[in-house]
Amino acid sequence: MKKTGILILIVLTYSCQTYRTIVPTISGTPRHELKLKQPIIIAFKDSRQDTENSMQIIESLKSGLKIIYGENITFQSYFDKTEDNRVALKINIKEIGSKFGIRSIQYQTFHNQITAVSSNVTTYWGSAVSTAIVSQPVIQNYYVAQGYWVGTSYLEIALVDNLHSVKNIYEFPFAAEDIQNNTWGYKSGSIAAKNSWNKVSSHLLDLIDSIAMKINESD
């Protein structure tokens, strides 16, 4: 006769040895009805630890924004001074990619092994029955490792407002994450990175649209 209990311990460990990056794209409906007198200035800087494909990434973002906004935006160097009566959006790329991690799950099972021994002795004086019960706990450990990808996209944005009499610089982050099981290997890593970027890029377009509307109101 056996009684069994199960205890599950989850141990999380992370490994940054495997890293995947992507060349992000920006897509959206072209803003044909938008006609700004002064285009919005947009500048990019790549501050990632691993600047692999840096120029390709920045050119891809510029190309996507140009298709959407046309002559309503213009590009300049990140460190160029913003002219008076202009609005600039300085975008610092901090992360676009995914990292691989390992989640270790430890299963610990307890088996309560019970052994019963009995004896029957018959004598002149009658029969005697004796029983001995021995309980012996048995512990077994099992380990399972599961891999997954964490995709992260992170932009630090500085909005330089030289359009009004009181000049201001507003700074804020855009960040998003996505987690994918390691079902498809490196492809899962790319999916996690793309999903996180899609969340960030939609907010970026919303911000540019909002700036364009404010500029139109002040013209």
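The values are calculated or read from the model by the stated rules, or taken from the named source; none is laboratory data. Treat the numbers as computed from the prediction; the structure is a model and nothing was measured. FYI the Cβ positions are ideal-geometry reconstructions off the backbone, even for glycines, and counts take in every protein chain you see.
Structure data summary
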| read-out | value |
| --- | --- |
| Residue within the stretch 167-179 that is of a type in the set (A, V, I, L, M), within 21 Å of GLY28 (Cα to Cα), in contact with a Gly (Cβ under 7 Å, 6 or more places away or on another chain) and buried (at least 17 other Cβ atoms within 10 Å of the Cβ) present | no |
| Residues within the stretch 175-219 that are closer than 15 Å to THR21 by Cα, of a type in the set (D, E, K, R) and in a helix (DSSP H, G or I), tallied | 2 |
| Any hit, the stretch 56-68, residues being modelled with pLDDT under 95, within 22 Å of SER190 (Cα to Cα) and either out of contact with any strand residue (DSSP E or B) (no Cβ under 6 Å at 6 or more places or on another chain) or not polar (S, T, N, Q) (or both) | no |
| Residues of the stretch 66-83 classified as part of a helix (DSSP H, G or I) and at negative phi, total | 6 |
| Test: TRP149 is surrounded by 13 or more Cβ atoms within 10 Å (Cβ to Cβ) and more than 17 Å from THR25 (Cβ to Cβ) | yes |
